[in-house]
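Asks: Here it is: the structure, laid out below.
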Amino acid sequence: MADHVFHRDFTNKYPIITHGQGIYLYDQDGKQYIDACSGAVAANLGHGDVKIAEAMAEQAKKAAFVHSMRFETEVLHLLAERIAEIAPVPLNKVYFTCGGSEANESAIKLAKQYHKGAGNPEKHIVIGRWQSYHGNTLGSLSAGGDIKRRQVYTQNLLDFKHVYSPHCKRCPYQRNLDDCNQQHNWSCIKDIEKLIIEIGPEQISCFIAEPIVGSQLGSVSPPDSYFKEVRKLCDDYNILLIADEVMTGFGRTGTYFAVEHFDFIPDIITFGKGVSAGYSPLGGMIVHDRLIKGIIQNSKGKFAHGYTYSGHPVSVAAGLAVLKKLAHNKILPNVVMQGEYLIKQLKLLQDRYPVIWDIRGKGLLIGIEFASSPKGDPFPPSSSTSEVINRIAMQIGAVFYPGSGSINGYEGDHLLIAPPLTVSREEIDAIINILELALQQFMYSRGK
């Protein structure tokens with residue numbers, strides 16, 4: 001067969017997947033892979049779900065596409081209602097996109113329009129965090145802190161500002177969490193306020209952050225009070241707070257949204273991935289009532305933004321079927337239970353393989369960090385440690401989500417383990433078994 005695909009990596013030969021079932025994928029040679037990362041932490045309900053596929057097919061038969069500038073569909077309203085029911089109470093309006101990058105781009109633009117309408121047109125700067133990821137459009141990439149992705153396009157990026165993401169085990173401020181808590185003085189918070197004052201709060205539109213940093217840090221949570229303090233700063237300086245829940249939303253961490261773990265209410269929640277469980281491209285944002293009021297009062301009710309496929313009926317039908325399954329199949333309790341079991345088994349693995357330096361995460365978004373010594377010294381970036389371990393695992397029969405740069409953008413290797421939310425204990429045992437075999441081969445290759 002001739003190859004006309006523009007591949008993500010032209011040096012890689014990709015297995016051709018023919019079908020999937022549950023947590024498993026199968027290639028054209030009949031090889032089975034455990035999808036231990038739900039693709040890109042998106043296939044949250046596994047593969048081959050007939051009810052979701054049927055819901056999409058039924059909607060396609062009725063109305064496969066309508067343009068949202070002229071028409072809407074019943075399924076659009078039903079999904080928006082379901083999402084509003086599970087979101088924090090003041091967030092009641094849902095805007096749909098085709099994925100997380102578009103969702104964050106939309107949120108950044110909404111924040112700008114809101115401030116302009118309120119008589120503050122100079123508020124345009126976004127504050128993001130290093131070692132964060134918000135998407136690959138120029139706006140979302142400018143807000144994110146993925147150094148390697150940004151550097152290719154440095155000249156094209158917007159002049160957004162960044163602070164460090166909190167990472168208590170590798171604190172960029174060389175602080176100790178106990179000391180921070182005792183003094184009620186967190187450098188990661190002080191740094192945000194310092195930047196706000198230096199820039200001038202009258203220039204700043206919004207602050208965007210993942211409640212739990214996924215791909216760039218490997219499921220790192222902030223101090224418990226971090227987002228409450230961020231919320232206070234945003235209120236004090238009239239800055240909107242955007243919670244990027246593209247990876248964490250819709251049950252991944254054991255709650256519908258990860259903001260629930262930290263007891264704060266953002267102005268906008270962005271989402272993607274899990275809302276349609278990977279069955280169709282879908283994302284969006286959930287917006288606070290006061291922002292909607294501002295758009296109605298100050299912008300003649302119009303958001304100056306839009307996409308051809310926003311609210312696509314077939315994608316929205318997939319989302320509605322996913323939320324119905326989440327609500328009726330006791331999936332969130334399973335996430336909590338299996339997540340606890342997964343961490344327990346990983347700690348047992350850590351006792352045997354000290355190359356595992358740290359285990360962290362919530363629910364079924366678990367990160368393991370690798371180090372070359374008990375002190376946490378990183379492997380050289382050139383060794384591509386996480387990629388090598390994942391490559392070995394794929395040869396054995398499981399795929400994980402490898403990441404690098406978790407310390408400073410270049411150093412630091414981690415794997416995300418994020419199987420479908422329906423995973424069973426027996427399936428977790430199978431994941432652990434393959435991970436152990438991969439670690440054995442990796443250690444052997446290093447002569448240890």
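What follows is calculated from the coordinates using simple rules that are stated; it is not laboratory data. If you're wondering where the values come from, they're calculated on a predicted model, not measured in any experiment. No Cβ is skipped: glycine too gets one built from the backbone with ideal geometry, and neighbour counts run over all protein chains shown.
Asks: Can you put Ile242, Ile17 in order, fewest other beta carbons within 10 Å first?
Replies: Least crowded to most crowded, the residues run Ile17, Ile242.
Asks: Same structure, new question: Roughly what would the spin-label model give for Lys330 and Ser373, points 7 Å off Cα along C-beta, in nm?
Replies: Taking the two extended label points, one gets 4.9 nm.
Asks: If you don't mind, there's one more thing I want to ask. Just to confirm a number: summing +1 for Lys and Arg and -1 for Asp and Glu over residues other than Pro201 whose beta-carbon lies under 11 angstrom from that of Pro201, what do you get?
Replies: Residues close to Pro201 contribute a combined charge of -4.
Asks: How about Lys293: which lysines have a C-alpha closer than 22 Å to its C-alpha, ignoring those fewer than 8 places off in the same chain?
Replies: Lys93, Lys109, Lys112, Lys116, Lys123, Lys232, Lys302
Asks: Multiplying the sequence separation of Ser382 and Lys302 by 0.36 nm and subtracting their Cα-Cα distance, what value in nm do you get?
Replies: Contour length minus the Cα-Cα distance gives 23.8 nm.
Asks: Per residue, how big is the convex hull around the C-alpha atoms of the chain? Give it to me in cubic angstrom, could you?
Replies: It is 156 Å³ per residue.
Asks: Also, quick follow-up: Using 0.36 nm per residue of separation minus the Cα-Cα distance, give me the extension gain between Gln32 and Tyr14 in nm, one decimal.
Replies: Additional length available on full extension: 5.1 nm.
Asks: Moving to a separate point now. Please give the charge dipole size of the chain, origin at the Cα centre, charges +1 on K and R Cβ atoms and -1 on D and E Cβ atoms. Round to the nearest 20 debye.
Replies: 420 debye
Asks: While we're looking at this one, here's another question. Around Ser68, under 15 Å between beta carbons, what's the net of Lys plus Arg minus Asp minus Glu among the other residues?
Replies: 0
Asks: Please sort 71-79, 31-39 by packing, taking for each peptide the average over its residues of neighbouring beta carbons within 10 angstrom, highest first.
Replies: 31-39, 71-79
Asks: Can you list which of the DSSP-assigned H helices in the chain have a Cα extent of 20 Å or more along the long axis and an average Kyte-Doolittle score of at least 1.0?
Replies: Helices passing the filter in the chain: 313-328.
Asks: What does the charge count near Ala243 come to, summing +1 for each Lys or Arg and -1 for each Asp or Glu among other residues with Cβ under 11 Å from its Cβ?
Replies: -4
Asks: If we count other beta carbons within 10 Å of each Cβ, what is the order of Glu245, Glu427, fewest first?
Replies: The order, fewest Cβ neighbours first, is Glu427, Glu245.
Asks: Here is a follow-up. Can you sort His67, His414 from fewest to most other Cβ atoms within 10 Å of each residue's own Cβ?
Replies: Taking fewest neighbouring Cβ atoms as first place, the list is His67, His414.
Asks: Of all DSSP beta bridges located in the chain, what percent are antiparallel, nearest 5?
Replies: Of all bridge pairs located within the chain, approximately 70 percent are antiparallel.
Asks: A further question on this structure: May I ask you to compute the full-extension gain from Gln182 to Lys62, defined as 0.36 nm times their residue separation minus their alpha-carbon distance, rounded to one decimal in nm?
Replies: Taking Gln182 through Lys62 to full extension adds about 37.2 nm, to one decimal.
Asks: Tell me the relative contact order for the chain as a rounded percent, counting alpha carbon contacts under 8 Å between residues six or more apart.
Replies: With pairs under 8 Å counted, the relative contact order is 22 percent.
Asks: A further question on this structure: Highest first, please rank the peptides 254-266, 330-342 by the mean number of other Cβ atoms sitting within 10 Å of their residues.
Replies: Those peptides, ordered most packed to least, come out 254-266, 330-342.
Asks: With the crude spin-label approximation of a point 7 Å out along Cα→Cβ, what separation in nm comes out for Val5 versus Ile199?
Replies: Output for this residue pair reads 4.0 nm.
Asks: How large is log10 of I(q)/I(0) for the range 314-356 at q = 0.20, 0.31 Å⁻¹ when the intensity is taken from the Debye formula with one equal scatterer per alpha-carbon?
Replies: With one equal scatterer per Cα and no solvent, log10 I(q)/I(0) is -0.68, -0.95.
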